[in-house]
Amino acid sequence: EGRAYEHGEGVTKDAHKAVQLYCQAARLGDAEAQFSLGWMYANGRGIPRDDRLAAFFFTLAARQGHEYAARMQRYVGDAPPEKPECLRSKPALAARTSQDGSDITQSAQEFVPVTVSQKKALELVNKLAPEFGVDPRLALAVIRAESNFNPTARSQKNAQGLMQLIPETSERFNVSRPFDPVQNVRGGLAYLRWLLAYFEGNVLLVAAAYNAGEGAVNRYGGIPPFAETRGYVKRIMQFFGKSEHPYDARVTPPSAELKRIRAAPTR
C-alpha cells in the first residue's frame, strides 16, 4: 500500500502517506519498507532530502540482509543514534493490544472466542513468565507463531508442544515431558531468557535464533537469509511490537559475535 502511494499506482500519489505506511511496516521489522524509506529520504522523493534519516533506514534494512540497502549506505554516511519519531510512536495495532497478551490468543483465531487451550496457555504464561524475566507478550507471540496454542503440536523436525522445543532444547533446559504444557512453557521461557541475555535484549536476533538457532545468527552475522526465518521474525514483531527487551546479564555471557553483528550491519 505504501508503494502504491509512493508511485501513484491506482491511487493519488501521496509521498507523506507512503512514508506513514512504510513507517508502520518498518516498525514491525519489514526490510523492504525500511529500504523504501531510506530511498525516499536519500533522493528527496516527495519529501525533503535527509541523508541521516536515509542512513538510519538503510542500516535497519541492511542488518536484515537487504543487498541494495547495504550498497546505499556508502552514499549517505553514518546513521544517527536516535530513532526517528515514527519508530518511537506506538504501533498502529496498539489500540487492540492488551497487557496480558489476550489479543495475541484472539488473533490466532481471527478474533473468535478463545479456546480452552488458548485460555490455559494465556494463564500459564502470565503466571510463569515473570519468574524468568520474560515479557508475557513475547512468550505468547512465540507460542502463536510456533504452535498456534496447540499443546500437542509436533513439527516435521520433531519440535514439540506449545513452544515447539526440539529434543536438544528440551534436554538443555531439563524438559522431560515436552507435551506437558507447564514443562514446555518453562523450557521455552528458560530458552528465551538465555537468548535475551546472549543477544543483549535484541528481539530481532532472539526471534531469529529461536527459529534458526543462535549458531545460525552468529554465522550469518544477524538474521539468517532464510525465508522461513525472516517471515518468523516479522510475525514475532507483529505481535510483540518491540525491538528491545530487558535482560539479565548474569544468565550467560553475550555472543562473541555480537560486536561484529553491530559493527557490520551490511551482513
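So Lys242 passes all but one of these: (1) within 19 Å of Gly133 (Cα to Cα); (2) within 9 Å of the chain's Cα centre (by Cα); (3) in a helix (DSSP H, G or I). Which condition number does it fail?
All conditions pass for Lys242, except number (3).
Hey, among Lys259, Lys234, which residue is open to solvent by 40 Å² or more (accessible area, probe 1.4 Å), under 26 Å from Ala79 (Cβ atoms), in contact with an Asp or Glu (Cβ under 8 Å, 6 or more places away or on another chain) and not aromatic (Phe, Trp, Tyr)? Walk me through it before giving the result.
Details: Lys259 fails: in contact with an Asp or Glu (Cβ under 8 Å, 6 or more places away or on another chain).
When all the criteria are applied, what remains is Lys234.
Whether any residue in the stretch 68-76 is closer than 20 Å to Val203 by Cα and at pLDDT below 85 is what I want to check. Don't jump to the end; show me each part of the working.
From the stretch 68-76, those closer than 20 Å to Val203 by Cα are none; that's our starting set.
No, the stretch 68-76 has no match at all.
Going by the structure shown, is Ala197 in a helix (DSSP H, G or I), hydrophobic (A, V, I, L, M, F, W, C) and in contact (Cβ under 8 Å) with a residue 40 or more places away in the chain?
On the way: in a helix (DSSP H, G or I): yes; hydrophobic (A, V, I, L, M, F, W, C): yes; in contact (Cβ under 8 Å) with a residue 40 or more places away in the chain: yes.
Yes, satisfied.
Looking at the stretch 133-142, is at least one residue modelled with pLDDT under 90, open to solvent by less than 60 Å² (accessible area, probe 1.4 Å) and within 23 Å of Lys234 (Cα to Cα)?
Initial filter on the stretch 133-142 (modelled with pLDDT under 90): none.
The answer is no; no qualifying residue exists.
Filter the stretch 117-128 down to the residues that are of a type outside the set (Val, Ile, Thr) and surrounded by 23 or more Cβ atoms within 10 Å (Cβ to Cβ) and list them by number. Reasoning before the result, please.
If we filter the stretch 117-128 for residues that are of a type outside the set (Val, Ile, Thr), which is where we start, we get 117-124, 126-128.
Across the stretch 117-128, the qualifying residue is only Ala121.
Conditions tested, residue by residue: (1) without any contact (Cβ under 8 Å) to a residue 60 or more places away in the chain; (2) farther than 25 Å from Gly221 by Cα; (3) under 24 Å from the mean Cα position of the chain (by Cα).
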position: Asp30; (1), (2), (3): no, no, yes
position: Gln34; (1), (2), (3): yes, no, yes
position: Gly46; (1), (2), (3): yes, yes, no
position: Asp50; (1), (2), (3): yes, yes, no
position: Thr59; (1), (2), (3): no, no, yes
position: Gln64; (1), (2), (3): no, no, yes
position: Pro80; (1), (2), (3): yes, no, yes
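For the stretch 221-237, how many residues meet the condition of being assigned to a loop (DSSP other than H, G, I, E, B) and among the aromatic types (Phe, Trp, Tyr)? Quick ask: steps written out before the conclusion?
Pass one, the stretch 221-237, residues assigned to a loop (DSSP other than H, G, I, E, B): 221-226.
Among the residues that remain, those that are also among the aromatic types (Phe, Trp, Tyr) are: 226.
Residues meeting the conditions: 1.
I'd like to check which helices (runs of 4 or more DSSP H) are fully inside the stretch 8-85 and have at least 3 residues that are polar (S, T, N, Q).
On the way: elements: 15-27, 31-43, 51-63, 67-76.
Answer list for the stretch 8-85: 31-43.
Check whether at least one residue in the stretch 122-137 is touching a strand residue (DSSP E or B) at 6+ places or on another chain (Cβ under 6 Å) and outside any helix (DSSP H, G or I), and report yes or no. Can you show your working first?
If we filter the stretch 122-137 for residues that are touching a strand residue (DSSP E or B) at 6+ places or on another chain (Cβ under 6 Å), which is where we start, we get none.
Within the stretch 122-137, none of the residues are touching a strand residue (DSSP E or B) at 6+ places or on another chain (Cβ under 6 Å) and outside any helix (DSSP H, G or I).
Got a number for residues in the stretch 208-218 being touching a residue at least 12 places away in the same chain (Cβ under 8 Å) and open to solvent by 10 Å² or more (accessible area, probe 1.4 Å)?
Just the residues of the stretch 208-218 that are touching a residue at least 12 places away in the same chain (Cβ under 8 Å), to begin with: 208-212, 214, 216-218.
Right, trim to open to solvent by 10 Å² or more (accessible area, probe 1.4 Å) and you get 210-212, 214, 218.
Residues in the stretch 208-218 being touching a residue at least 12 places away in the same chain (Cβ under 8 Å) and open to solvent by 10 Å² or more (accessible area, probe 1.4 Å): 5 in total.
When only residues in the stretch 13-62 that are of a type in the set (Ser, Thr, Tyr) and under 24 Å from Gly231 (Cα atoms) count, which is surrounded by the most Cβ atoms within 10 Å (Cβ to Cβ)?
Narrowing the stretch 13-62 to residues of a type in the set (Ser, Thr, Tyr): 22, 36, 41, 59.
Still in the list and also under 24 Å from Gly231 (Cα atoms): 22, 36, 59.
Values: Tyr22: 27, Ser36: 24, Thr59: 21.
My answer is Tyr22.
Here are some residues: His16, His7. Which one is of a type outside the set (Phe, Trp, Tyr), farther than 24 Å from Ala70 by Cα and at pLDDT 85 or above? It would help to see each step written out before you state the result.
Working: His7 fails: farther than 24 Å from Ala70 by Cα.
On inspection, the qualifying residue turns out to be His16.
Tell me which residues, restricted to the stretch 143-171, are touching a helix residue (DSSP H, G or I) at 6+ places or on another chain (Cβ under 8 Å), surrounded by 18 or more Cβ atoms within 10 Å (Cβ to Cβ), among the polar types (S, T, N, Q) and in a loop (DSSP other than H, G, I, E, B).
Hit for the stretch 143-171 is Gln164, nothing else.
Within the stretch 96-132, work out how many residues are at pLDDT below 75 and charged (D, E, K, R).
3
With (1) among the charged types (D, E, K, R); (2) touching a Gly at 6+ places or on another chain (Cβ under 7 Å); (3) outside any loop (DSSP other than H, G, I, E, B) as the list, and Asp248 as the residue in question, which single condition is left unmet?
Among (1) among the charged types (D, E, K, R); (2) touching a Gly at 6+ places or on another chain (Cβ under 7 Å); (3) outside any loop (DSSP other than H, G, I, E, B), the lone unmet condition for Asp248 is (3).
The values are calculated or read from the model by the stated rules, or taken from the named source; none is laboratory data. If you're wondering where the values come from, they're calculated on a predicted model, not measured in any experiment. So basically every Cβ, Gly included, is an ideal-geometry build from the backbone, and we count neighbours across all protein chains shown. What goes into the accessible areas is simple: the full protein's heavy atoms, side chains included, and nothing from ligands, DNA or RNA. Shrake-Rupley method; radii C 1.70, N 1.55, O 1.52, S 1.80 Å.
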